[in-house]
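Colleague: Structure in structure tokens, see below.
The values are calculated or read from the model by the stated rules, or taken from the named source; none is laboratory data. Here the structure is a predicted model, which is why all the values come from computation and not from measurement. Please note: Cβ atoms are built from the backbone with ideal geometry, for glycine as well, and neighbour counts cover all protein chains shown. The protein model used for the area step is the full one, side chains on, heavy atoms only, and it has no ligands, DNA or RNA in it. Shrake-Rupley method; radii C 1.70, N 1.55, O 1.52, S 1.80 Å.
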Amino acid sequence: MKRRGSMLVRAVAALMAAISAVPFVVLLRIALSTPAGMSTGRALALPELQITNFARAWELSRMGVAVVNSVVITTGALVTLVVCASAAGYAIARFRGRFHLAVMNVFLFSMMIPGIINTVPLYTLMRRIGGINTRWAMALVLAANALPFSVFLYTNFIRSMSKEIEESAIVDGCTWFSAFWRITFPLLKPVTAAVVIVNGLGIWNNYAQAVFFLQKPAVRTIPLAVSMFFQQYGARWNLMAAAAAIGAAPAVAAFILFQRQFIKGLAAGALKG
């Protein structure tokens, strides 16, 4: 009976995986089609493959510049996010003061507010500090948007850890600050992996804020480059699909490489405590 139940679960999982993969298969098939194949409605059949579509889409959409911008912004945002969220989570988990509950509630409440609502005041602030069309300011905005949920994960994870090692370091002369960075932070790899993957995908694919703050072609990210490419070559479905596939490839590859750490860290950060 257990064996049948296991086989049924695996069959359902395989079916769901196949259904989820259909859009990506269709996207790749269209990206590899010739204009003639698209016009005759044979895009999903097995005609000749046009691999040069990817090269043309890369060149016409200026995807090389967009990839560099996305890497710089995503890396800066994630580094800022991990440093700030882990420190805030540590302070909330280890030091219970008068405003401990209020601070935690502020972070939880911030999770309920969509980031797009803050676009207008953020735009005003960015103009005043000279952050429009700059990658550093965009990285700070994206890190701030992802901060509440990340603090929540770090707080729950750190609460599940024993204080004995930290207290021993304090007795040996370390401060709480040095004990955190030297002892506690290296033990946060599972939840850090979860924070990086969960928020990294959203930061990499961000469009709502980027369309307002990154207006010059030299600082556009991949979503913006793909969007502008769609507007210019809307009738070239094969080139559009190729550009979309190029833009999605890094995020998909990162998730495949780190999916084990993602599952482990998300479960540990959300369920422990």
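Colleague: Keeping all protein chains in place, calculate the accessible area per residue for the chain (probe 1.4 angstrom), answer in Å².
Modeller: 58
Colleague: Okay, helix-only estimate at 222 nm for the chain: each DSSP H run of n ≥ 4 adds -39500 (n - 2.57), divide by all residues, round to 500 deg cm²/dmol; what do you get?
Modeller: After summing the helix terms and dividing by the residues of the chain, the value is -23500 deg cm²/dmol.
Colleague: Now a separate question. So what's the angle, to the nearest 10 degrees on a 0 to 90 scale, between helix 2-31 and the longest Cα principal axis of the chain?
Modeller: 50
Colleague: With the crude spin-label approximation of a point 7 Å out along Cα→Cβ, what separation in nm comes out for PHE255 versus VAL106?
Modeller: If labels sit at PHE255 and VAL106, their model points lie 3.4 nm apart.
Colleague: Also, quick follow-up: How many nm separate the modelled label positions at SER168 and TRP136, each set 7 Å beyond the Cα in the direction of the Cβ?
Modeller: Taking the two extended label points, one gets 4.1 nm.
Colleague: About the Cα centre, and with charges only on the beta carbon of Lys, Arg (+1) and Asp, Glu (-1), how big is the dipole of the stretch 61-272? Nearest 20 debye, please.
Modeller: I would put it at about 320 debye.
Colleague: Once the piece of chain linking ARG96 and LEU15 is laid out straight, how much longer is it, given 0.36 nm per residue of separation minus the C-alpha distance between them?
Modeller: 24.4 nm
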